[in-house]
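S.K.: Okay, handing you the structure first.
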């Protein structure tokens, strides 16, 4: 159900952008309201910047490196590398997929942002996949399943903040962010599914 919902949501957002559908007018009105809100600009900028390539992807790379080091030093579970590998691939797919969508849709940006190619948001997709992948990789290290679900919740809230910051600072329209979330969740689902396939074929423990 999750991948289907993500594909449908991304397709609907793209369709509205390409055809200048009725949802776009509401999207732009919402964008204007968020930009003119009382939300602190400094905090919005901080959240928007958290979607950059030098934040989430670097944290993910460090976590993968730490898991590799821990597995070599203490001995990890069989095929521990499956999920780090697939989440790393998912992260690597974000830039080309986002760039392709930007070229195909060529959506103009909010007022003050010159040019076009703002759909979907690369920062929102980067944050979704990078921080989501980190949470997935931390499941085995979490003290309890309940704590891990708290991490999931924190990740969702943080990504919502990143998206809001991008719109509040006038870098993107809300629909750009929503489409990026759909793409990001789809990539994370693909990473988990691919890891499970690898583990089943090699007789390892199941991924989260």
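S.K.: Could you work out how far apart the two model spin labels at residue 43 and residue 23 are, taking each label as a point 7 Å from the Cα in the direction of the beta carbon, and quote it in nm?
M.R.: 2.9 nm
S.K.: What does the highest-first list of 80-86, 33-39, 110-116 look like by mean Cβ count within 10 Å?
M.R.: Those peptides, ordered most packed to least, come out 80-86, 33-39, 110-116.
S.K.: How high is the relative contact order of the chain, in percent, counting Cα pairs under 8 Å that sit 6 or more residues apart?
M.R.: On the way: 274 pairs, mean separation 74.6, N = 208.
About 36 percent, as a whole number.
S.K.: If we restrict to alpha carbons, what Rg and Dmax does region 71-137 come to, in Å?
M.R.: Calculated on Cα positions, Rg and Dmax stand at 16.8, 54 Å.
S.K.: How compact is region 50-208 by the rule of thumb for globular proteins, expressed as Cα Rg over 2.2 N^0.38 Å?
M.R.: Numbers: Rg = 16.8 Å, N = 159, 2.2 N^0.38 = 15.1 Å.
Output field value: 1.11.
S.K.: Here's another thing I want to ask about it. Hey, what number do you get for the chain at 222 nm if only DSSP H runs of n ≥ 4 count, each worth -39500 (n - 2.57), divided across all residues, to the nearest 500?
M.R.: Taking each H run of at least 4 residues, the total per residue is -24500 deg cm²/dmol.
S.K.: In whole Å, how far is the Cα centre of region 86-127 from that of region 5-33?
M.R.: Cα centroid to Cα centroid, the span is 15 Å.
S.K.: What Kirkwood hydrodynamic radius do you get for region 1-133 when you take the inverse of the mean 1/r over all pairs of distinct Cα atoms, in Å?
M.R.: Mean inverse Cα-Cα distance, inverted, gives 17.3 Å.
S.K.: Averaging over every viewing direction, what projected area does the convex hull of the Cα atoms of region 53-106 cover, in nm²?
M.R.: Working: hull surface 17.0 nm².
Result: a mean projected hull area of 4.3 nm².
FYI, it's all coordinate maths here, none of it is from the lab. All figures in this text were calculated on a predicted structure; none of them were measured in a lab. Ideal geometry is used to build each Cβ from the backbone, glycine not excepted, and the neighbour counts take in all protein chains shown.
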